[in-house]
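Everything on this sheet refers to the single structure shown next.
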Amino acid sequence: MKLNSILPTALAILTLFTNISSAEEALQPWQDNPWYWSFHGNPVLLLGGSDDDNLFQWPEEQLLPQLDRLAEAGGNVIRNTMSDRKDKDFELYPFKQLDDGKYDLNQWNDRYWARFERMLTETAKRNIAVQIEIWDRFDFYDQEGAARWQIHPYNPRNNVNYTYDESAFAKRYPDHPGANKQPFFFTTPKQRNNVVVLQYQQRFVDKLLDHSLKFGHVLYCMDNETNGEEEWGRYWAQFVKQRAGKENKTVYVTEMWDDWNLADEEHKRTFDHPELYDFVDVSQNNHNKGQKHWDNFLHVRKYLAGQPRPMNTTKTYGATGNKFGHNDQDAIERFWRHLLAGAASVRFHRPESGLGLNDKAVACIKAARKLESLIPLWSVEPASDLLSQREANEAYVAADNGGSCAVYFPAGGEVELDMTATQGPLTVHWININTGESGAQEIITGGGSVTLSSPGSDNWVAAIVSQ
């Protein structure tokens, strides 16, 4: 794909998430290159990071500085799970608590929904897209030393709406959510048709949509890393779309599957149904490293090539000392491999499983915007065949058919780059990913193979453009 001279700059793109007046202006797959998102008809690359997954729960004095820091770095997307588990001391439940301490699932906690509305409003002001995850399975289990189900309003002991017998719930769910023993996720008509509980789940999603459908910067993911039954997510994807349709709105939905292997059959539940799922989230690929991480993503890109859709990675894992054994460098590498491989949205996962919005994450986002200002990422495609004399995980490249290309070096190195397609001189703009700052420039000559050497052992990216 050749670079279109009329494409807007990254700065121009990051100005229009507010004042939506028509469907054409909303965040949606870009017609000219549906691997990417567009806004107001212009392509937009979504980059982000945040220090929590459910920022809508944050008090205003914490939320606003976090959003400001992201926007100032050039970031424009957050993940927002509708999670209400009591991990900190300020989370609220969506339902009204009565004087006796129990909850009424037919009444709302207005403070919860005011927080949600505030997050949507403040992100729109700052041109920050929001990927909402409606259900998070970790909220409904007593696991990892946290009695989450014991205190949750959906637990019959804590509400005035149904009993254990009526709801089919048990008093405890101590196993990992992956065991799929929680009936909460089996309520839909083609599963166990649990109408007692389903009516309250429907009310919750309807209430969520009362707020979110007013905005044009929202994407919808049904679950956080689920391995449950396919019908659960399909039901809620259809529910969201049908509700939006009643209001003449178009929304874009996906599901996030848990398997780290993107070639697993589980992921085909999303990949094979573009009529329902408008984009794919492949966040769990971020448990993989090196060449496997790159190849796993490109497998999906090839699989979807007949009907391209945006590929989002809303959870980029990696933080030194975290329980998964990943480190800070893993996070940076995953961010940049996905960026050059063609991801439409890339976000750092929250601490302690990711970098969140720390200084390293901010530097990465700044560096990515510098690269984008020289080579819009939607104008290039992964092009590993252009590299030779390359060691494992030494360098990665994306290029267009006019000669512009971006080359990422995770830890220094030297490779041969095939520039046969481009005649004449080219400028190499080096960008230090560790600092987010521009480095030196050099001139190379196209028409054949050139040797490209990283300026140092930091993470570096080269933007190579024709003079």
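The values are calculated or read from the model by the stated rules, or taken from the named source; none is laboratory data. Keep in mind that this is a model prediction, so the values were computed, not measured. Positions of Cβ are backbone-derived with ideal geometry, glycine not excepted, and every protein chain shown enters the neighbour counts. Heads up: the accessible areas ignore ligands, DNA and RNA and are worked out on the full protein's heavy atoms, side chains in. Shrake-Rupley method; radii C 1.70, N 1.55, O 1.52, S 1.80 Å.
Placing unit charges on C-beta atoms (Lys and Arg positive, Asp and Glu negative, everything else neutral), compute the dipole magnitude of the range 284-419 about its Cα centre in debye, rounded to 20.
Value, rounded to 20: 720 debye.
Return the FRET efficiency for the residue pair residue 273, residue 170: r is the Cβ-Cβ distance, R0 is 30 Å, and the value is rounded to the nearest 0.05.
Calculated transfer efficiency: 0.40.
At q = 0.20 Å⁻¹, what log₁₀ I(q)/I(0) does the range 51-167 have when each alpha carbon counts as one equal point scatterer in the Debye sum?
-1.10
Which Rg and Dmax, in Å, describe the Cα atoms of the range 166-220?
14.4, 40
Which value, in debye to the nearest 20, gives the size of the charge dipole of the chain about its Cα centre, when Lys and Arg are +1 and Asp and Glu are -1 at the Cβ?
740
As an exercise, use a Förster radius of 30 Å and the Cβ-Cβ distance of residue 320 and residue 423 to find the FRET efficiency, rounded to the nearest 0.05.
Here the calculated transfer efficiency is 0.10.
For the pair residue 98/residue 227, report the inter-label distance in nm, with labels modelled 7 Å from Cα in the Cβ direction.
3.9
Top to bottom by accessible area (1.4 Å), largest first, where do 40, 152 land?
I get 40, 152, largest accessible area first.
Under a 5 Å amide H to amide H cut-off, with H placed in plane at 1.01 Å, what residues pair with residue 38 once short-range neighbours are removed?
For residue 38, the qualifying residues are 28, 30, 44.
Between residue 60 and residue 327, what length comes free when the chain is fully extended (0.36 nm per residue of separation minus the Cα-Cα distance, one decimal in nm)?
Answer, rounded to one decimal: 93.0 nm.
Under the rule a/c < 1.5 gives rounded, and otherwise a/b versus b/c splits prolate from oblate, where does the range 171-267 land using the Cα gyration tensor?
oblate
Which of the three applies to the range 294-336, rounded, prolate or oblate, going by the alpha-carbon gyration tensor with a ≥ b ≥ c and a/c under 1.5 meaning rounded?
Since a/c reaches 1.5 and a/b is larger than b/c, the shape of the range 294-336 is classed as prolate.
Largest first and to the nearest Å, give the Cα extent of the range 127-211 along each principal axis.
44, 30, 26
Output the antiparallel fraction of DSSP beta bridges having both residues in the chain, as a percent to the nearest 5.
The antiparallel fraction comes to roughly 65 percent.
Please say if the range 359-430 is rounded, prolate or oblate, where rounded means a/c under 1.5 for a ≥ b ≥ c the square roots of the C-alpha gyration tensor eigenvalues, and otherwise the choice is prolate for a/b larger than b/c and oblate otherwise?
oblate
Would you mind checking which residues have amide H under 5 Å from residue 439's amide H? H placed 1.01 Å from N; only 5 or more apart, or other chain.
Here 430, 431, 432 satisfy the definition.
If you roll a 1.4 Å probe over the heavy atoms of the protein chains, what accessible area per residue do you get for the range 270-328, in Å²?
Value for the range 270-328: 36 Å² per residue.
What is the spread of the Cα atoms of the range 255-370 along each of their three principal axes, largest first, in whole Å?
Projected onto its principal axes, the Cα set of the range 255-370 covers 40, 32, 24 Å.
Tell me, what HN-Hα J-couplings in whole Hz come from the Karplus equation 6.51 cos²θ - 1.76 cosθ + 1.60 at θ = phi - 60° for each residue of the range 386-392, using x for Gly and Pro?
Calculated HN-Hα couplings, in order: 7, 9, 9, 6, 10, 8, 4 Hz.
For labels at residue 442 and residue 299 in the simple 7 Å Cα→Cβ model, what's the distance in nm?
Calculated label separation equals 3.6 nm.
At 0.36 nm per residue, minus the direct Cα-Cα distance, what do residue 179 and residue 248 gain on full extension? Give it in nm, one decimal, please.
Additional length available on full extension: 21.0 nm.
If the only charges are +1 at each Lys and Arg Cβ and -1 at each Asp and Glu Cβ, what is the size of the charge dipole of the range 15-144 around the Cα centre, to the nearest 20 debye?
Dipole size: approximately 280 debye.
Enumerate the calculated ³J(HN,Hα) couplings along the range 221-228 in order (Karplus 6.51 cos²θ - 1.76 cosθ + 1.60, θ = phi - 60°), each rounded to whole Hz, writing x wherever the residue is Gly or Pro.
Ordered by residue, 3J(HN,Hα) equals 10, 6, 9, 8, 5, 8, 10, x Hz.
Considering only C-alpha atoms, what is the centroid distance from the range 308-387 to the range 437-467, in Å?
Answer, in whole Å: 20.
Show me the trypsin sites (Lys or Arg not before Pro) within the range 151-194 that DSSP assigns to loop and that have at most 15 other Cβ atoms within 10 Å of their Cβ.
171, 172, 181, 190, 192
Just want the answer: with Cβ charges of +1 for Lys and Arg and -1 for Asp and Glu, which residue in 263, 147, 329 is farthest toward the dipole's positive end in the chain?
147
Taking a point 7 angstrom from the Cα of residue 352 along the C-beta vector, which residues in the range 57-96 have backbone N less than 16 Å away?
87-88
Considering only the other residues whose Cβ falls under 9 Å of the Cβ of residue 410, what net charge follows from Lys and Arg at +1 and Asp and Glu at -1?
That works out to -1.
Residues with amide H under 5 Å of residue 96's amide H, sequence separation 5 or more or different chain, H placed in the peptide plane at 1.01 Å from N; which?
104, 107, 108, 109
Given 96/207; 268/292; 102/171; 315/366; 86/190, which pairs have Cα atoms separated by over 21 Å?
Violating the 21 Å limit, Cα to Cα: 86/190.
Report the calculated FRET efficiency for residue 457 and residue 125 (r = Cβ-Cβ distance, R0 = 41 Å), to the nearest 0.05.
That pair, residue 457 with residue 125, gives E of 0.55.
Loop sites only, by DSSP: take the GluC sites (Glu not before Pro) in the chain that have at most 13 other C-beta atoms within 10 Å and name the longest stretch containing none of them.
In the chain, the maximal stretch lacking such sites is 1-143.
Sorted from largest down, give the three principal axis spans of the alpha carbons of the chain, whole angstrom values.
77, 46, 43
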